[in-house]
Structure formats: structure tokens, C-alpha cells
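Comments concern the structure below.
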Amino acid sequence: MRFQRLAVVTVTIAALTGMGGCGSATTDSKPAATTQAAADPLAEFVAASKKLGTETMKMKMEMPGGIEASGVSDLAGKKVDMVMSVGAAGQTMEIAVRLVGDEMFMKYGATAGAKWWRLDVSKLPASSSMNPKNMADASAFAQTAVKVEKNGDTFSGTLDMTKSPTVDPESLKALGDKASAVPFTAKVDGEGRLTELVIDMSSLGAGAGKMTTTYSDFGTPVSVEAPPAAEVTEMPAEMLKSLSQTA
């Protein structure tokens, strides 16, 4: 995959979706406790992901290349406040991300006078990984998860990325059979909520490794405001084009 671009895009998606960029939590508030869900590990796993769309929470993510992210999320209210840290060439760059309704704001670094980039996510193409419809469609993740098993509070299985509606065809061609068997593990708490998701991308290429996302402090207050208008500028066309592409 295009790891340089995905380093930022994947972490952003993870915070917005609660599903590590490979699928998402839905805002469907109906309980998913059914006989089928209890008997079918895949259905139970999807039900656990849906719960992330109904509660506020804290999240933390780590992935190879010195990339970390942490913040708070209210998916139902379309509110996210997160800070990413990206290490490269012995230096660390911080990226702040806020989601307020259909507006995403990104700011690189903390230098004086640095502007926030604004993006209207509702205008992204249907195929974009950043499109809210893809962020909030749990069925997209259900289509990629295969051979799911459960042992206690832990799920394990593989992701078949060829079934993802947002995957880049060129990436699939380059990865070959590797794209259809990406291992993952996940944990749930006593309430059936997803608390950890680990996606092992080691087989996809050098430097890929494992991406670990944890979810905690459910019910935590989340208050996010858009930056002052004077500190905001529209996202550069080059970055917009990158985010508009499939992942």
C-alpha cells in the first residue's frame, strides 16, 4: 500500500471510525444482543464494533514508524479531538485533528501562526476512506473479516481487504494474495464493547508491523469546538486529493 500517505490517513480514520481504518462503528443505537450474535463470533464481533458508535470514549493508537495517536471521540455526535505524533528522521511531528459535524480540521505542528486546514468531509467521493458513509458502515468491516473465532473475551481472525469498498485496486494488485489474509485480534469488555483491536500488517511490506488501537473510559465527556475562523484555511488541493483517494 502507499504507506507514506496511509501513515496519516490510517491514523485519522482510526480515530474517526473506532475501527483502525479497516471498517467502522455505526451510529445504530439498537441493541445487537441476538441469539445469532451470541452463537456467531463474526456477528458478535460486528455487534461489539457497533457499540463504539453509541458511546463517547477515549482512544489510543500505536503503529510502526513512530506513529501514535490519542484523544476523545463521540461518533454519534460527530465530535473527535485527537493528537497524532509521527516520528521521522529523528524528529517528531505533531498533527492535531478535530471533527465537528461534517467539518474536519487538521493542524501540523505547534508553531506560532500555523493554520488549521478545513475539510468538508460530506463532499468526499463515495469511494474515499474518509467519506462519512464509509466511516459509519459496519457492514464494510463485516465484509472484510473472515474466519473469526472467539476465546473468552478475545476474537481472532483475518481481514480480506479485497472485499473492502474503499481499497485501492493498485494496492491490491501489488499485494497479491497477501491482501486476503491480514491477521487481527480484538478484545471486548463485560458490556460487549470493543476495547482493543490489533491488525498485523507485517506481511504487507517492510515497516508495516502491527497497528494497535484501544478504547476506554466509555461515557467520558467530549466537547469539541471548531478553531477560530481567523486560524482556519481551506485544505490544500494536494492534500485533499490524497484524502479523496481510496486507501
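The values are calculated or read from the model by the stated rules, or taken from the named source; none is laboratory data. This structure is a prediction, so every number in the text was calculated from the model and none was measured. Virtual Cβ from ideal backbone geometry, glycine too; neighbours counted across all protein chains shown.
Tell me which residues, restricted to region 72-95, are more than 22 Å from residue 52 (Cα to Cα) and free of Cβ contacts under 8 Å to residues at least 40 places away in the same chain. Spell out how you get there, then give the answer.
To start, the set of residues in region 72-95 that are more than 22 Å from residue 52 (Cα to Cα) comprises 85-95.
Passing the criteria: 85, 87, 88, 89, 90, 91, 92, 93, 94.
Within region 148-173, which residues are crowded, with 18+ Cβ neighbours inside 10 Å and among the hydrophobic types (A, V, I, L, M, F, W, C)?
Matches in region 148-173: 148, 155, 159, 161, 167.
Which count do you get for residues in region 47-95 that are crowded, with 19+ Cβ neighbours inside 10 Å, at pLDDT below 85 and in contact with a Phe, Trp or Tyr (Cβ under 7 Å, 6 or more places away or on another chain)?
Going through region 47-95 one residue at a time, the tally reaches 2.
Which of (1) surrounded by fewer than 17 Cβ atoms within 10 Å (Cβ to Cβ); (2) small (Gly, Ala, Ser); (3) assigned to a helix (DSSP H, G or I); (4) at pLDDT 80 or above is the odd one out, the single condition residue 122 does not satisfy?
So residue 122 meets the others, but not (4).
Select from region 204-232 the residues that are within 20 Å of the chain's Cα centre (by Cα) and not in a loop (DSSP other than H, G, I, E, B) and write down the one among them that is modelled with the lowest pLDDT.
Here the residue is 204.
How many residues are among the hydroxyl-bearing types (Ser, Thr, Tyr), under 21 Å from residue 86 (Cβ atoms) and crowded, with 16+ Cβ neighbours inside 10 Å when one looks only at region 174-215?
3
Could you give me the residue pairs with C-beta distances under 6 Å whose first residue belongs to region 41-55 and is of a type outside the set (D, E, K, R), whose second residue is surrounded by fewer than 20 Cβ atoms within 10 Å (Cβ to Cβ) and in a helix (DSSP H, G or I) wherever it lies, and which are 6+ apart or on separate chains?
Close Cβ pairs (under 6 Å, with a partner that is surrounded by fewer than 20 Cβ atoms within 10 Å (Cβ to Cβ) and in a helix (DSSP H, G or I)) amount to 43/36; 43/37; 46/142; 47/37.
Select from region 167-191 the residues that are among the small types (Gly, Ala, Ser), modelled with pLDDT of 90 or more and out of contact with any strand residue (DSSP E or B) (no Cβ under 6 Å at 6 or more places or on another chain) and list them in ascending order. Steps first, answer last, please.
We begin by selecting, within region 167-191, every residue among the small types (Gly, Ala, Ser); these are 171, 174, 176, 179-181, 186, 190.
With modelled with pLDDT of 90 or more added as a condition, the list becomes 186, 190.
Scanning region 167-191 gives a single hit, 190.
Is there a residue being at pLDDT 90 or above, acidic (Asp, Glu) and under 18 Å from residue 46 (Cα atoms) anywhere in region 127-140?
So in region 127-140, the residues at pLDDT 90 or above come out as none.
For region 127-140, residues at pLDDT 90 or above, acidic (Asp, Glu) and under 18 Å from residue 46 (Cα atoms): absent.
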